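Read through the structure below, which is laid out as structure tokens, and then see the notes.
FYI, it's all coordinate maths here, none of it is from the lab. Keep in mind the model is a prediction, meaning the values are calculated, not measured. Here the Cβ is made from the backbone with ideal geometry for all residues, glycine too, and neighbour counts use every protein chain on show.
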Amino acid sequence: MFRLSPQRLLSLSPRSGESYIMQSVRGIQTPRKHEGKVALVTASSDGIGLAIARRLAQDGARVLLSSRKQQNVDKAVQELKKEGLNVEGTVCHVGKNEDRVKLVNTAVQKFGGVDILVSNAAVNPFVGNILDSTDEVWEKILDVNVKATFLLVKLVVPKMQERGGGSIVIVSSASGFTPFPSLGPYSVSKTALLGLTKALAPELAPLNIRVNCLAPGLIRTNFSSAFWKNESVLDQIKIKVGISRVGEPEECAGAVSFLCSPDATYITGETLVVSGGAYSRL
Ligand code: NAP
């Protein structure tokens, strides 16, 4: 394990001119890691998106929340404002071009730019055998989950360039590696997001924009309630998931905050799996 030598501990910290030991004795806090940054999080009025928005704001960012329904956005913004967090909200159905444009423009108007994008929105209109899925199902899933993610990235890149760089996190799923039974088209769209992350990262690296991906396993939200409310699925989880319980949205939020932070400046094009060890056992 890396340890500072006694000489180093007694030496002066380059920042404050005070020894490292004195800093720790006085309990000096390191600056919040997203201080001064502006973050956009899609689908953030509930579930994983709301937890990510809250965490980025707790870590110092000014955060623009968004989802399709005004009343959901208002409720989430009110909740986070009550916690003393610096957030605003706007309606954005990620599948609509005018909403995506409005989302980015609102961030610029309210907060002065964009440093962080978390593309979290996804739909799943189909459960069943993949051969029973229709043209309409595929169109909707690919439109919202994949195409809208790319088009939003395209809109924020120039705004990030104006600020000297930025960080993008795309929310995929562990099902992108191993398709979940009955969720074929959705799983394939999540595999596409793993590819999109890999395709974007090298092109955006010279612009000082990092692109990473989050692949959650089963997380306790409305979206996945059919799974975790089902006793037999829960029993399977206990067998298949190393940490034998369902994950919580907050357990995804810390991972996203890390990927966007100065602690991750040499990480791009990667996917962080947050699945309690399920992926390694599938
Ligand atoms: P959730 O709890 O159901 O939250 C859904 C959020 O998305 C709400 O804020 C909803 O608000 C918004 N929304 C839905 N459709 C939208 C659209 N077209 N445009 C913008 N906002 C939209 O879902 P979640 O479980 O947190 O899922 C978030 C992400 O994690 C998704 O990408 C999902 O695929 C991924 N994921 C989830 C799990 C899991 O087990 N929960 C596992 C792997 C991956 P409105 O109704 O107001 O739009």
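In the chain, helical runs assigned H by DSSP with n ≥ 4 each contribute -39500 (n - 2.57); averaged across all residues and rounded to the nearest 500, the mean residue ellipticity at 222 nm is -12500 deg cm²/dmol.
For the residue pairs K69/K147; K96/K229; K75/K238; K33/K110; K69/K190; K33/K147, the C-alpha atoms sit more than 26 angstrom apart in K96/K229; K75/K238; K33/K147.
Report the far tail of the P(r) of the chain, meaning the percent of Cα-Cα pairs longer than 31 Å. Here the tail beyond 31 Å accounts for 31 percent of pairs. Legend: ranking of residues S275, S224, S173 from fewest to most surrounding C-beta atoms inside 10 Å; resulting order S224, S275, S173. Taking 0.36 nm per residue of separation and subtracting the current Cα-Cα distance, fully stretching the chain between Q161 and E79 would add 26.3 nm.
For L142, L103, which order do you get if you count the other beta carbons within 10 Å of each Cβ and list the fewest first? Please list the in-between numbers first.
Values: L142 15, L103 24.
Exposure proxy ranking, most exposed first: L142, L103.
Counting beta carbons within 10 Å around each of D235, D115 and listing the fewest first gives the order D235, D115.
Between helix 47-58 and the chain there is an angle of about 10 degrees, using the helix long axis and the longest principal axis of the Cα atoms. The E248 and N86 beta-carbon pair, evaluated with R₀ = 22 Å, returns a calculated FRET efficiency of approximately 0.40.
Between region 245-272 and region 30-69, what is the C-alpha centre distance in whole Å? Using only Cα atoms, the two centres lie 13 Å from each other.
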